[in-house]
Amino acid sequence: MPIKWILHWQPNAGHTVNSQILAEVSQCVESINGVKEGKWKATLSFYRPVLKEQANPSEFPRDFLGISLPEQPNKYYLVLRGQRLVLEADSTIQTIMEKLQSYKTRVALNFEGFQYQLGDFQLRVGKVVSIQSESLRGIVMEMEYRPISSWEKSHKIMGEFFDIWQEALSKRSLAGHFVHMEPNFGEFGLSGQYTLQHTAVQYATIMLQMIATAQSVRN
Amino acid sequence: MECVVQGIIETQHVEALEILLQGLCGVHRERLRIHELCLKSGPNLGSEASEVRLLCDLEQPEPTWTVRHVGGSMRGAGADQISVLVRTMVESKVSKNVLRLFYLLGYKLDHELLRVGFAFHFQRGAQIAVTVSSVNKMLKLHATDEAVPVTPGIQLVEVTAPASAENYSEVAASVSSFCEYLAPLLHLSKPGVSTGVVPTAAAAAASLMSYGGTTIM
């Protein structure tokens, strides 16, 4: 499984994301000779507990995430961030969760956009939209390097490519930048060999960040 | 959805049943060793109480885990007329940390079992699975090596086949007609409707064992 970094757009203080930024980012990928290949889409749902009135909410996780990824559409990933747990399941687990009626999906987000080929790299640029309202919640970028599946061994080349990308994008003077957050995969019981569970954990991590950013803008 | 019937057989006749199944199915048996954990939702979780089963297949070199949810069975006049139970059943193969996940979500262990025996999977009008197993309980938590039979000398036989809302009556008919072949050895009925062992079992088993070329004591 090729290594992947998942980046998210961090607007400068006082700014928000908008579709103009998304268009500029896509143009920038093409300007460094990224070849457009097709569309991609991932989905992420927040599951929240259904509690009786007398329940003590602190005894239950506030939420967990359910993630489906285009690489394995018949799989589904559940992530409990606070408890550092990621579960890989057949996508039928969604039906089981529905039938149990103990946790329900409250918010669902689509990550969708175009993918580009750039030598040994594959780049995916996508908007984050709520399924209910279609409003733009954020921008993400997947940066995949196909020849290597070791997180550690790929670190140097990924870091270098990230720098090149940031430099190319900086010429456009956009009010923000892409951020790479590196989760501690070991805490989730994951090894250094990259898997889709690593991708799910990265999505869960950037979600936290995006929520924090949205809240700070609102306040 | 699935169609299901169950029955019981004395352990002394299991070998004869195996010979019969081998002849009927034309496939080899698979060994079965499943650790089954039944979890129930804590008292304050969910709009109503819920139950889920985690199955750990101990026959695999690296144990594999499955989550199974068994829903309500079909009711009404139509359901009464057929001799098999039709119920919703959903399974999902999962990674090995699934027990921890359900504990964190607020589920509690209700009971656990170890099923040891064999299974046949074959196509006969439907994708039928027959499992023959002794059901064991654990004296200590998760101690599958120290499991003891719940009903010594008796084994559980289960015949299941996946079905859908469109084809369940055909699948139920296939399961019923297959069960008739087993009738001399055991009676299969809807789960919860126990009919006990059949009086012809000893004679049928003796006959099968002699045909099977196995020495009978």
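The values are calculated or read from the model by the stated rules, or taken from the named source; none is laboratory data. Only a predicted model underlies this, so the values are computations on that prediction, with no experimental measurement involved. Because the Cβ atoms are built from the backbone with ideal geometry, glycine has one as well, and the counts that use them run over all protein chains shown. Side chains are part of the model used for accessible areas, which takes the heavy atoms of the whole protein and leaves out ligands, DNA and RNA. Shrake-Rupley method; radii C 1.70, N 1.55, O 1.52, S 1.80 Å.
The numbered conditions (1) surrounded by 15 or more Cβ atoms within 10 Å (Cβ to Cβ); (2) modelled with pLDDT under 95 are all true for A:E53 except (1).
Considering A:L44, A:L22, the condition of being of a type in the set (A, V, I, L, M, F, W, C), within 18 Å of A:E134 (Cα to Cα) and touching a Leu at 6+ places or on another chain (Cβ under 7 Å) is satisfied by A:L44 alone. Tally the residues that are touching a strand residue (DSSP E or B) at 6+ places or on another chain (Cβ under 8 Å) and assigned to a loop (DSSP other than H, G, I, E, B), restricting the search to the range B:193-203. Number satisfying all stated conditions: 4.
Condition first: assigned to a strand (DSSP E or B), within 17 Å of the chain's Cα centre (by Cα) and not hydrophobic (A, V, I, L, M, F, W, C). Can you find one or more residues in the range B:41-51 that meet it? No: the range B:41-51 contains no residue that is assigned to a strand (DSSP E or B), within 17 Å of the chain's Cα centre (by Cα) and not hydrophobic (A, V, I, L, M, F, W, C).
Restricting the range A:131-144 to residues that are open to solvent by 10 Å² or more (accessible area, probe 1.4 Å) and not in a loop (DSSP other than H, G, I, E, B), which is farthest from A:V179 (Cα to Cα)?
Looking at the filtered set, the residue picked out is A:L136.
Counting only residues that are open to solvent by 30 Å² or more (accessible area, probe 1.4 Å) and of a type in the set (S, T, Y), which one in the range A:187-203 is farthest from A:L87 (Cα to Cα)? So the residue we want is A:S191. Anything in the range B:136-146 that is touching a Lys or Arg at 6+ places or on another chain (Cβ under 8 Å) and open to solvent by 30 Å² or more (accessible area, probe 1.4 Å)? List them, or say none. Hit for the range B:136-146 is B:E146, nothing else. Against the test of being away from every other protein chain (no Cβ under 14 Å), within 19 Å of the chain's Cα centre (by Cα), basic (K, R) and open to solvent by 30 Å² or more (accessible area, probe 1.4 Å), the options B:R87, B:R68, B:R124 yield a single qualifying residue, B:R124. When the range B:123-140 is filtered for residues that are without any contact (Cβ under 8 Å) to a residue 12 or more places away in the chain and within 30 Å of B:K108 (Cβ to Cβ), the ones remaining, listed by number, are B:L139, B:K140. With respect to the conditions (1) under 16 Å from A:G176 (Cβ atoms); (2) at pLDDT 95 or above; (3) among the polar types (S, T, N, Q), A:T43 lacks only one, and its number is (1). Which one of the conditions (1) more than 14 Å from chain A (Cβ to nearest Cβ); (2) open to solvent by 30 Å² or more (accessible area, probe 1.4 Å) does B:S47 fail to meet, given that it meets all the rest? It fails just one condition, (1).
The residues of the range A:104-122 that are among the acidic types (D, E) and farther than 14 Å from A:I67 by Cα amount to a single one, A:D120. Against the test of being assigned to a helix (DSSP H, G or I) and open to solvent by less than 10 Å² (accessible area, probe 1.4 Å), the options A:I211, A:I206 yield a single qualifying residue, A:I206. Just name the residue that is farthest from the other protein chains (Cβ to nearest Cβ) out of those in the range B:90-104 that are of a type in the set (A, V, I, L, M) and either in contact (Cβ under 8 Å) with a residue 60 or more places away in the chain or in contact with a Phe, Trp or Tyr (Cβ under 6 Å, 6 or more places away or on another chain) (or both). Ranking the candidates gives B:L99 first.
Considering only the range B:50-65, state which residues are among the hydroxyl-bearing types (S, T, Y) and within 8 Å of chain A (Cβ to nearest Cβ). Matches in the range B:50-65: B:S50 only.
If the condition is being farther than 13 Å from A:L169 by Cβ, of a type in the set (A, V, I, L, M, F, W, C) and in a strand (DSSP E or B), then the range A:1-36 contributes A:I3, A:W5, A:I6, A:V35.
Out of A:Q215, A:Q193, A:Q202, I need the residue that is closer than 27 Å to B:L101 by Cα, over 12 Å from the mean Cα position of the chain (by Cα) and not aromatic (F, W, Y). Which one? Steps first, please.
On the way: A:Q215 fails: closer than 27 Å to B:L101 by Cα; A:Q202 fails: over 12 Å from the mean Cα position of the chain (by Cα).
Answer to the check: A:Q193.
Across the range A:83-130, what is the number of residues that are polar (S, T, N, Q), open to solvent by less than 20 Å² (accessible area, probe 1.4 Å) and within 14 Å of chain B (Cβ to nearest Cβ)?
1
Here A:P70 meets the list (1) part of a strand (DSSP E or B); (2) away from every other protein chain (no Cβ under 14 Å); (3) closer than 25 Å to A:I148 by Cβ almost entirely, failing just condition (1). Of everything listed in (1) at pLDDT below 90; (2) in contact with a strand residue (DSSP E or B) (Cβ under 6 Å, 6 or more places away or on another chain); (3) part of a helix (DSSP H, G or I), the single unmet condition for B:S210 is (2). Residues in the range A:1-15 that are exposed (fewer than 15 other Cβ atoms within 10 Å of the Cβ) and either modelled with pLDDT of 95 or more or not hydrophobic (A, V, I, L, M, F, W, C) (or both): A:N12, A:G14, A:H15. Tell me yes or no: at least one residue of the range A:142-157 is in contact with a His (Cβ under 9 Å, 6 or more places away or on another chain) and away from every other protein chain (no Cβ under 14 Å). Yes, because at least one residue in the range A:142-157 is in contact with a His (Cβ under 9 Å, 6 or more places away or on another chain) and away from every other protein chain (no Cβ under 14 Å). Here B:K137 fulfils each of the conditions (1) under 19 Å from the mean Cα position of the chain (by Cα); (2) of a type in the set (K, R); (3) within 14 Å of chain A (Cβ to nearest Cβ) apart from (3). Of all residues in the range A:48-67, those satisfying the criterion of being in contact with a helix residue (DSSP H, G or I) (Cβ under 7 Å, 6 or more places away or on another chain) and either within 11 Å of another protein chain (Cβ to nearest Cβ) or over 21 Å from A:Q197 (Cα atoms) (or both) are A:L51, A:P61.
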